[in-house]
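Reading through the structure tokens given below for one structure.
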Amino acid sequence: MSAMAPIERAVDRMLLRRRRIMDLVTWIAAGLALALLGFALLHIIGYVFVRGVQSLNLQTFTTDTQGIAGGLRNAILGSLLLSGFALLIAAPVGVSAGIYLSEYGDGWVGRIARFMSDVLVGVPSIVLGYFGYVTMVLYLGWKFSMLAGAITLAILMLPYIARTSEMALRAVPLSVREAAYGLGCNEGWLVLRILLPAARVPIFTGILLALAISLGETAPLIYTVNWSNYTWSGHFTHEPVAYLTYVIWSYIGEPYASAHKLAYAAALLITLMVLVINLLARALMWRKR
């Protein structure tokens, strides 16, 4: 044994040296990847911010688009209304689905629902737009409209809200449920008065992240909302609506400086909206911790 001890120590030192080298290489690779990601993110945000600030003026917020000129009042209002109405549809349905999956979703129905939710997350948004175009714009005869776009965005948001709600409710300790049942609470009282208040912050965070995703979508709205140079008049069907992402997608390809200014201004406004929503979600999670 004493003759083997130096050999074993040498092997241990070699393995330790190898682990340290691998740790160093891993940390360097992770640091480089983080630096590259940070550079790309800051470069994009900085470019959009600089070009967008140069394009913003009072007219941007007070006038509607006029061809490839004018302002973005109609597009700003349209984006907020589309995502707002979509949220009103998706939030109750998504949270309800999360409650079911968390409390009663251990059977085959729950497994199928989780599988379909995961599949829906991976479906390209343009496919959802085509579905909305075929079913609502053509079959139901709503034409390009606010309602068709809002429902399509709601379908896009549903799986995110449902799964985050499920995970938030599952994070509530089992002892809380047992204590509630021990005090005589029924299932409805348990969900509404105990579980939802306990998980409200992560649920609300998931809703905010789904809202941020919907604000940045273009493809579903091209098929269901199209575009309008006018402010939405309040009709939910048979009336196209303006929105900011269309300005970015369409106007940046025009060979006119006025169109480019509107595209950069729209890009800045969308970026700021998404950034504010994400910061609010992070702040809520930080406060929860």
(request) Convert each backbone phi in segment 202-218 into a coupling constant with the Karplus relation 6.51 cos²θ - 1.76 cosθ + 1.60 (shift: θ = phi - 60°), then list the ³J(HN,Hα) values in order as whole Hz, x for Gly and Pro. (result) x, 5, 5, 5, x, 5, 5, 5, 5, 5, 4, 5, 5, 5, x, 7, 10
(request) Going by C-beta contacts inside 10 Å, put ILE270, ILE277, ILE28 in order with the fewest on the left. (result) ILE28, ILE277, ILE270
(request) Per residue of segment 44-51, in order, report the coupling 6.51 cos²θ - 1.76 cosθ + 1.60 (Karplus, θ = phi - 60°) as ³J(HN,Hα) in whole Hz, putting x for Gly and Pro. (result) 5, 4, x, 5, 5, 5, 5, 5
(request) Pop the C-beta distance of LEU272 and VAL201 into the FRET formula with R0 = 25 Å and round what comes out to the nearest 0.05. (result) 0.60
(message) I'd like the FRET efficiency for THR62 and MET116, computed as 1/(1 + (r/R0)^6) with the beta carbon distance as r and R0 of 45 Å, rounded to 0.05.
(response) 0.50
(message) Between segment 267-287 and segment 234-248, how far is it from one alpha carbon centroid to the other, in angstrom?
(response) 24
(request) Quick one: grab the alpha carbon gyration tensor of segment 126-285, order the square roots of its eigenvalues as a ≥ b ≥ c, and give me rounded if a/c is under 1.5, else prolate or oblate depending on whether a/b is larger than b/c. (result) prolate
(message) With θ taken as phi - 60° and the coefficients 6.51, -1.76 and 1.60, list the Karplus ³J(HN,Hα) couplings across segment 267-276 in order, rounded to whole Hz; mark glycine and proline as x.
(response) 4, 5, 5, 5, 4, 5, 4, 5, 5, 4
(request) Give the peptides 49-55, 257-263, 187-193 in descending order of average Cβ contacts within 10 Å, highest first. (result) 257-263, 49-55, 187-193
(request) Collect residues whose amide H, placed 1.01 Å from N in the peptide plane, falls under 5 Å from the amide H of THR65; neighbours closer than 5 in sequence don't count. (result) GLY71, ARG73, ASN74, ALA75
(request) Give the Cα extents of the chain along the principal axes, in whole Å, largest first. (result) 90, 57, 35
(request) Based on other C-beta atoms within 10 Å, arrange VAL48, VAL172 from fewest to most. (result) VAL172, VAL48
(request) Please find the FRET efficiency linking VAL123 to LEU183, where r is the Cβ-Cβ separation and R0 is fixed at 41 Å, and quote it to the nearest 0.05. (result) 0.40
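Where a number appears in this text, it was derived from the coordinates with a stated rule and is not lab data. Since the model is a prediction, treat every value here as computed from it, not as a measurement. Here the Cβ is made from the backbone with ideal geometry for all residues, glycine too, and neighbour counts use every protein chain on show.
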